[in-house]
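Worksheet for the structure shown next.
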Amino acid sequence: MHLIDSTSEPLTQATQALFSSKTRGRILEQSLLLFNQSGFGSVTTASIAKEAEVLEGSLWYHFHSKKDILTAHLALVQAAFEEQNTLANSSDPQTIIEGVFQSYDVIWDFRYILRDDFRSLLKDDPAMLAVTEKINLYFDQWAEERIRHSHVHGVLEIPQNDMEGISEIILVIGRYWLDFSSKKYPETPHQTLRKKGLAHIFTVLQPYLNSESRSLVERGLRNR
């Protein structure tokens with residue numbers, strides 16, 4: 001019996017496409033699902049092998065430890081995120097908003113990396129901890145940069161004095177939702193929770209959206 005409810009669309013199609021059907025790809029995909037569901041510290045290599053339908057020895061052949069799987073996930077999320085971020089760097093409002101939506105999808109699919117307490121989990125491995133903290137800082141800075149970029153190109157109209165506060169609120173909502181949502185709504189499909197998180201973020205930004213941008217956001221949320 002599998003531990004993961006595959007009927008709730010746990011990963012976007014773009015993220016699923018990152019994983020091959022070969023042994024290594026199955027291990028990476030199923031470990032990602034398990035880490036998202038139960039947390040990095042709680043998942044065993046035996047449970048990963050079971051979900052990936054491989055022998056545990058095969059898992060050890062590809063990854064010498066769970067931390068090696070984490071390292072592979074970090075490389076995947078950064079590559080996927082940077083690819084989607086090319087859209088968010090546009091000057092066109094529709095492309096900017098769509099790029100933010102797709103970048104958020106990547107963050108959601110790899111949410112355990114931003115959600116789990118690696119300061120505790122990796123306290124005996126300062127080098128690995130530094131890597132996870134670096135990518136967390138990268139995502140935080142990205143969120144702040146998107147606020148400023150959207151302001152420069154007219155998607156948002158935020159007074160300069162409010163910029164830092166709005167950025168911090170967005171970060172708090174984004175990070176808290178990654179952990180809170182599945183606990184409050186355990187039976188709700190992942191696609192719905194992902195969309196709801198985006199809606200919460202844009203609720204905060206709504207007073208600063210011009211009419212065109214507001215319509216684009218509403219259309220984007222309807223299509224998700």
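The values are calculated or read from the model by the stated rules, or taken from the named source; none is laboratory data. This is a predicted model, so every value here is computed, not measured. Here Cβ is always computed from backbone atoms with ideal geometry, including for glycine, and neighbour counts include all displayed protein chains.
Yes/no per residue for (1) in contact (Cβ under 8 Å) with a residue 24 or more places away in the chain; (2) under 16 Å from Ile113 (Cβ atoms); (3) hydrophobic (A, V, I, L, M, F, W, C):
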position	(1), (2), (3)
His153	yes, no, no
Asn161	no, no, no
Val172	no, no, yes
Phe180	no, no, yes
Glu187	no, no, no
Tyr208	yes, no, no
Ser213	yes, no, no
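When residues of the range 28-61 are filtered for being under 24 Å from Phe118 (Cα atoms) and either in the same structural domain as Phe118 (by TED's automatic domain parsing) or part of a helix (DSSP H, G or I) (or both), how many remain?
Matching residues across the range 28-61 total 22.
Out of Phe118, Phe101, report the one residue that is crowded, with 18+ Cβ neighbours inside 10 Å, aromatic (Phe, Trp, Tyr), closer than 30 Å to Ala17 by Cβ and out of contact with any Gly (no Cβ under 8 Å at 6 or more places or on another chain).
Phe118
Is there a residue being over 30 Å from Arg214 (Cα atoms), in contact with a Ser or Thr (Cβ under 9 Å, 6 or more places away or on another chain) and among the acidic types (Asp, Glu) anywhere in the range 93-109?
no
When the residues of the range 7-27 are filtered to those that are of a type in the set (A, V, I, L, M) and assigned to a helix (DSSP H, G or I), which remaining residue is modelled with the highest pLDDT?
Filtering the range 7-27 down to residues of a type in the set (A, V, I, L, M) leaves 11, 14, 17-18, 27.
Next, only the ones that are assigned to a helix (DSSP H, G or I) stay: 14, 27.
Details: Ala14: 89, Ile27: 97.
Checked the range 7-27; the qualifying residue modelled with the highest pLDDT is Ile27.
Among the residues of the range 54-112, what is the count of those that are small (Gly, Ala, Ser) and within 19 Å of Leu171 (Cβ to Cβ)?
Residues meeting the conditions: 3.
Tell me which residues, restricted to the range 194-206, are of a type in the set (Val, Ile, Thr) and touching a residue at least 24 places away in the same chain (Cβ under 8 Å).
Ile201, Val204
Residues that are among the basic types (Lys, Arg): which helices (runs of 4 or more DSSP H) entirely in the range 93-208 hold 3 or more of them?
Once the helices (runs of 4 or more DSSP H) in the range 93-208 are filtered for at least 3 residues that are among the basic types (Lys, Arg), what remains is 126-152, 163-184, 190-205.
Give Phe63, Phe35, Phe40, Phe81 a once-over and let me know the one that is under 24 Å from Ile135 (Cβ atoms) and over 21 Å from the mean Cα position of the chain (by Cα).
Values: Phe35 fails: over 21 Å from the mean Cα position of the chain (by Cα); Phe40 fails: over 21 Å from the mean Cα position of the chain (by Cα); Phe81 fails: over 21 Å from the mean Cα position of the chain (by Cα).
Phe63 is the lone residue from the list that is under 24 Å from Ile135 (Cβ atoms) and over 21 Å from the mean Cα position of the chain (by Cα).
So Tyr176 passes all but one of these: (1) at pLDDT 95 or above; (2) surrounded by fewer than 18 Cβ atoms within 10 Å (Cβ to Cβ); (3) of a type in the set (Phe, Trp, Tyr). Which condition number does it fail?
Failing condition for Tyr176: (1).
When you scan the range 54-65, do you find a residue that is among the small types (Gly, Ala, Ser), farther than 24 Å from Leu178 by Cβ, touching a Ser or Thr at 6+ places or on another chain (Cβ under 9 Å) and surrounded by fewer than 18 Cβ atoms within 10 Å (Cβ to Cβ), even just one?
yes
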